[in-house]
Amino acid sequence: MKEVLADHPEADHPAADPSDPSDPSVSTGPGTDGPAIWTRNFRFYFTARSAGLLSFAMLPVAVSAGLLSAGYGVSIAGYAMAFLVGPFAGLVLFGGVLADRFTARRMMIFADLANLTAHVLLALLFFHGIDHLWQLYAMLVIAGVANAMFQPGASSTVPLVSRDVQGANGVLRTSEALTALGGPALAGLLVGFGSTGWVMVIAAVAYATSAVCLFALRLGKVPAPPAGESLWRNLVGGWYEFRSRSWLWGVIVIWMFFAVFSWGPQLSLAAGVIVPEHGATAFGLLNCAFGAGTVAGGLLAIRFKPEHPLAAGAVAMLAYPLYPLGIVLGWPVWLLAAAQVAVGVGITIWGVMWATSVQTQVPGEALNRVHAYEVAGSVGMFPIGSALAGPAVGAFGTDSVLLVGVVVALLTATALLLTRPIRTLRRLPDRA
């Protein structure tokens, strides 16, 4: 792996001197005798990531509920989410290139400061009252762009702060699951008391915390592409790195079909069936059951280290069809909740195995750009599946669309297991 230090923005943090016991990075950084996961750097990174994830989980609920409470319609709330998600999907590729050029840490700090500014202005907007919707949309665009600049570095930093990359990913997925449960609940509670502005204040404080913790990281040498290359050349180089690994692009191609025909439509279809039959409370409990499953899956993935991680993750994905199948078959709520726990465990194990494989198999100087291509190719297809759910239900019926999702989910796991480069990819040992 090529490491470029000279003329690189991160060069203000020189590599640790192993002979200097006073250097805090000597005993805590990857590749030393310190802890495999909870290094000094990882503690700061974990705090930063958890704070950012909490803010990210609160924003959609706070904005949507705040707009509806202020008398705006569902369409306005939908437009607001489009202004948040659209810039992320469109700019995440450039986020990967910029993270390589200016280092991931600096790009993430810049993104946190942009999000801090946007959320302070959103707080003022909701406290004062929204006079012009374009002001709200502009702040959401800033937040979406900031998230696109942050995301590539969030993946590539993990191998730099912990020797046990899979264990670190398991811890981070557990934190993600907890913030995904707690963030919307906290936002909904505050909005219910008419305090949407205070949600934005809490989010702004969280982003400030994240920026401070990321500033405290000491990463030493940071892998980077050769200096002097153009932005376009960096982007093309990332594409070649992505294309050269058949297991990598093979997973993304398979996942694109899964996102359009199974993952994308499921949330809205499940709500359309469960809320009328069992009530909104039951639907909320089912989502909590999924969250509990993701927490359990993250904890399990910290220790479960199979020789062939993607094959093990594909087997875990076989749990995914249980929930939509249960909806079609009319299972009671308690059984659907059990299915959601199993789905949460399975999809989290897959997520940890996938993230660890990408972070350990792809050279560090290309990881930001490769991760950006990965996100654009997989997550970018989710809105398409979600948008097609309504017309598909109108043409074929809810049960038929859910059954298609069941079949596609089974075919997804099967395709992952049958594709030899994916099935046979070996786990790299933890760094000693």
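Okay, here's what the table says:
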{"quantity": "In nm, spacing of pseudo-spin labels at Tyr240 and Phe257 (7 Å Cα→C-beta vector)", "calculated": "3.1"}
{"quantity": "Cα convex hull of the range 241-423, projected area averaged across orientations, nm²", "calculated": "10.3"}
{"quantity": "Of Ala415, Gly326, Leu388, farthest towards positive along the dipole that unit charges on Lys, Arg, Asp, Glu beta carbons give the range 319-432", "calculated": "Ala415"}
{"quantity": "Among Leu248, Leu181, Ala89 the positive-end extreme of the charge dipole of the chain (Cβ point charges)", "calculated": "Leu248"}
{"quantity": "Centre separation in Å (Cα based) which lies between the range 381-408 and the range 111-168", "calculated": "31"}
{"quantity": "Top of Leu267, Leu172, Leu133 by mean-square fluctuation, Gaussian network on the chain, Cα under 10 Å", "calculated": "Leu133"}
{"quantity": "Table column - 3J(HN,Hα) (Hz), the range 160-172, Karplus curve with 6.51, -1.76, 1.60, x for Gly and Pro", "calculated": "8, 10, 8, 6, 8, 5, 5, x, 5, 5, x, 5, 5"}
{"quantity": "Residue (of Val145, Met317, Leu285) at the positive-pole extreme of the chain, dipole from beta-carbon charges", "calculated": "Met317"}
{"quantity": "Label-point gap, in nm, between Arg303 and Ala138 - each point 7 angstrom along Cα→Cβ", "calculated": "5.4"}
{"quantity": "Label-point separation in nm, Arg420 to Ile130, each point 7 Å along Cα→Cβ", "calculated": "5.5"}
{"quantity": "Test item: Cα-centred dipole of the chain, Lys/Arg +1 and Asp/Glu -1 on Cβ, debye", "calculated": "620"}
{"quantity": "Most mobile listed residue (Leu186, Leu388, Leu217) in the chain, GNM with C-alpha springs under 10 Å", "calculated": "Leu388"}
{"quantity": "Percent RCO, i.e. relative contact order, over the chain, from Cα pairs under 8 Å lying at least 6 residues apart", "calculated": "25"}
{"quantity": "Among Val145, Val253, Val315: highest mean-square fluctuation, GNM of the chain, C-alpha pairs under 10 Å", "calculated": "Val253"}
{"quantity": "Within the chain, helix-based [θ] at 222 nm, where runs of 4 or more DSSP H residues each add -39,500 (n - 2.57), nearest 500", "calculated": "-25500 deg cm²/dmol"}
{"quantity": "In Hz, Karplus ³J(HN,Hα) per residue of the range 284-292 (6.51, -1.76, 1.60; θ = phi - 60°; x = Gly, Pro)", "calculated": "x, 5, 5, 5, 5, 4, 4, x, 4"}
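Laboratory data are not the source of any read-out in this text; all were calculated from the coordinates shown. None of the values given here were measured: they were computed from a predicted structure. When we count neighbours, we look across all protein chains shown, and the Cβ atoms used for this are built from the backbone with ideal geometry, even at glycine.
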